[in-house]
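What follows is a short report on a single structure.
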């Protein structure tokens, strides 16, 4: 069964550094999402992406964040200048023609 | 925006007993309600979902009920087994490609 994959599984970075989190959605899916979960808190929506553009973003998704689909398979989340409060688990999800959003295993981002 | 609350935060049940997790939502426009199960270190997996045009849906030992008037929905697990031990997340959204609004998650522990 096809699955969403994410790399790396764990990323450690210094405050102020740029990070790129990578996702490979399920191949025939057209809708892509990023969510994050700070330890002990809710899973929070960051951004959705469709037809090569952002379709919706949350108030969390400020100018420090960007998303890109650089080729036909990858979907990336970039954080330009990381802050301590960006430390969280970041989940990518994709959706095809049904209601279901399929989640990746997550990338744990630790900002020191 | 949509706000989803989950209760209780932790639930311990004896193997074979039933477990019930309740969620409330705030946006009466929400019409799609998925439940995700997340085992330790693994991705969230959809286990059951319900649309607002039905009041109940069942899949083997798992059922979901929806009360649109009261704006709450519940996950029912019958004949619990140790492999049901996990964190369960409820979510709500307006059907389509929109964001999922998640609850905080319930840790279910099935005691053998």
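Computed from the coordinates by the stated procedures, all read-outs in this text should not be read as laboratory data. Please read all numbers here as calculations on a predicted model, not as lab measurements. All Cβ positions, glycine included, derive from the backbone under ideal geometry; neighbour counts span all protein chains shown.
Below are the figures for this structure:
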{"item": "Part-to-part distance (alpha-carbon centres) for the stretch A:1-48 and the stretch B:13-43, which is given in Å", "result": "22 Å"}
{"item": "Peptide A:26-39, shielding by other chains (average Cβ, 10 Å cutoff)", "result": "1"}
{"item": "Length-normalised contact order for the stretch A:10-112 - Cα pairs under 8 Å, 6+ apart - percent", "result": "39 percent"}
{"item": "Protection-proxy order for peptides A:69-76, B:26-33, each taking the mean of Cβ atoms within 10 Å per residue, highest first", "result": "B:26-33, A:69-76"}
{"item": "The protein assembly as shown - convex hull of the alpha-carbon atoms, volume per residue in Å³", "result": "122 Å³"}
{"item": "For the stretch A:51-103 and the stretch B:63-112, distance of Cα centres in Å", "result": "24 Å"}
{"item": "Virtual spin-label span in nm between residue B:20 and residue B:57, 7 Å along Cα→Cβ", "result": "2.1 nm"}
